[in-house]
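Colleague: Let me begin by handing over the structure; questions about it come next.
The values are calculated or read from the model by the stated rules, or taken from the named source; none is laboratory data. Just so it is clear, the model here is predicted, and its values are computed rather than measured. Here Cβ is always computed from backbone atoms with ideal geometry, including for glycine, and neighbour counts include all displayed protein chains. Just so you know, the surface numbers come from the protein's heavy atoms only, side chains and all, with ligands and any DNA or RNA stripped out. Shrake-Rupley method; radii C 1.70, N 1.55, O 1.52, S 1.80 Å.
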2 protein chains.
Amino acid sequence: MEKKETAAASPMGMGGVSSRDEEVACNSTTMRASETCLRLLSVPLCISALLLMLKNSQQNEYGSVAYTDIAAFRYLVNVNGICAGYSLLSALFIAAMPRHYSTISRAWTFFFLDQVVTYMIVVGGAMSTEVLYLAEYGGAATTWSSACGSFGRFCHKLTASIAITYASLGCYVLLSLMSSYKLFTNYDAPPIRSPITAIHIVAFHASPN
Amino acid sequence: MEKKETAAASPMGMGGVSSRDEEVACNSTTMRASETCLRLLSVPLCISALLLMLKNSQQNEYGSVAYTDIAAFRYLVNVNGICAGYSLLSALFIAAMPRHYSTISRAWTFFFLDQVVTYMIVVGGAMSTEVLYLAEYGGAATTWSSACGSFGRFCHKLTASIAITYASLGCYVLLSLMSSYKLFTNYDAPPIRSPITAIHIVAFHASPN
């Protein structure tokens, strides 16, 4: 795969800057700005979800419960930490990178990391939602009792943390879409330019017919 | 967005079929075959996971348990059913569709449905894995006891069903990648062809300098 050369493929031929190129540049700037905004937006979302869960514990006459007691919640805390760190670093990297300066390895890296983070958030959100559901309604067959009746405050904070995680998931679904668009639109299989092809062009344009 | 015109953009100009076009056609055929194989492969995987879960019930001196008792397992059964049906229909549709006959609405539909099915499988797999983990190890804080000690056969079949679901997830991650590649490689923003651009081309080639 190599970068698609829009200038060479445009009707203007060599060295020309067509309306098509201007349009592509404009789209690229808009996408770059949207991408940076989405990454920056997901930073406070992930941190909020993380802090809500970290400070989530309750102690009463029935016993005590904290996020560390359930593996799914520990995983969600780790995922939100990774998401916040990655979102901030990637936003800074994109903002610091000169415009139109993108390499295939960079595009692949962003594409791969965005996909991984998105799937990690989906897994964390789904697992925590399932535990929350069981804590709310219990499981008759497995004799698991409803825990939210005894630990209502814990469950409310948990619900808020999971809801915020889903908001950051929304950002990452869009970011995954953008990074795959950028990767597959900008890079393609290497074009073959033989000398015979160049002779054909000259003959076609110079012919009096 | 409209289909990228590789023939017009190639150095051969109008009507020519370059090595680049042949290469693109060859890549397209390989991808089409791989895509159909992956869709056909995920049909037996989804059906196996579905049947394993449907027939999964155990009754002993401790009580009885079936997949219908847990919401996450009911969801996994539905997801595997949808996955099997969609995989078969989409494979038949792609096989029946004439080669190189693809429209943007079709590419968007496959891209969207593949993404939705992939996320549905991730959610189903993650939720079921979490319940299996709780059934295996229990939850001390929530006083949820380990259920796999009493219902070992149920847990073994459950593990097998979840493992097969992850195998079909692998197929769908690749299919999502392929459908996004096909969508973003083949379709782009509409190019602008103004009469002024055409005049520039003539002037450039006809100039004695």
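Colleague: Let me check something: with ligands and nucleic acids excluded, how do B:Glu130, B:Glu136 order by accessible area (1.4 Å probe), largest to smallest? Working shown, then result.
Modeller: Numbers: B:Glu130 5, B:Glu136 90 Å².
The residues order as B:Glu136, B:Glu130, largest area first.
Colleague: Continuing with the same structure: Considering only the label points, 7 Å along Cα→Cβ from Cα, what distances in nm to one decimal separate B:Thr109 from the same position in each other copy, shortest first?
Modeller: The projected label point of B:Thr109 is separated from its counterparts by 4.0 nm.
Colleague: Further question: Once label points are set 7 Å from the Cα along Cα→Cβ at both B:Ala163 and B:Ser105, what is their separation, rounded to one decimal in nm?
Modeller: 4.5
Colleague: Sorted by average packing, counted as other Cβ atoms within 10 angstrom per residue and highest first, what order do B:59-68, A:85-94 take? Numbers along the way, then the final one.
Modeller: On the way: B:59-68: 14.4, A:85-94: 17.2.
Put in order of decreasing packing, that is A:85-94, B:59-68.
Colleague: Counting only protein heavy atoms and rolling a 1.4 Å probe, how much accessible area do B and A lose on contact, total for both sides, in Å² to 100? Working shown, then result.
Modeller: Working: alone 12740 and 12720 Å², together 20840 Å².
Result for this pair: about 4600 Å² buried.
Colleague: While we're here: Among B:Thr29, A:Thr143, what's the order by accessible area (1.4 angstrom probe), most exposed first? If you can, show how the numbers build up before the last one.
Modeller: Numbers: B:Thr29 50, A:Thr143 100 Å².
Result of the area sort, largest leading: A:Thr143, B:Thr29.
Colleague: Return one whole number: the accessible area per residue of region B:39-158 in Å², for a 1.4 Å probe.
Modeller: Details: 5620 Å² over 120 residues.
That works out to 47 Å² for each residue.
Colleague: Could you tell me the calculated FRET efficiency between B:Glu61 and B:Ser34, based on Cβ-Cβ distance and R0 = 45 angstrom, to the nearest 0.05? Numbers along the way, then the final one.
Modeller: Values: r = 51 Å, r/R0 = 1.13.
Efficiency computed from Cβ-Cβ geometry: 0.30.
Colleague: Could you check the spin-label model distance between A:His156 and A:Leu41? Points 7 Å from the Cα along Cα→Cβ, value in nm.
Modeller: Label at A:His156, label at A:Leu41, 2.8 nm between them.
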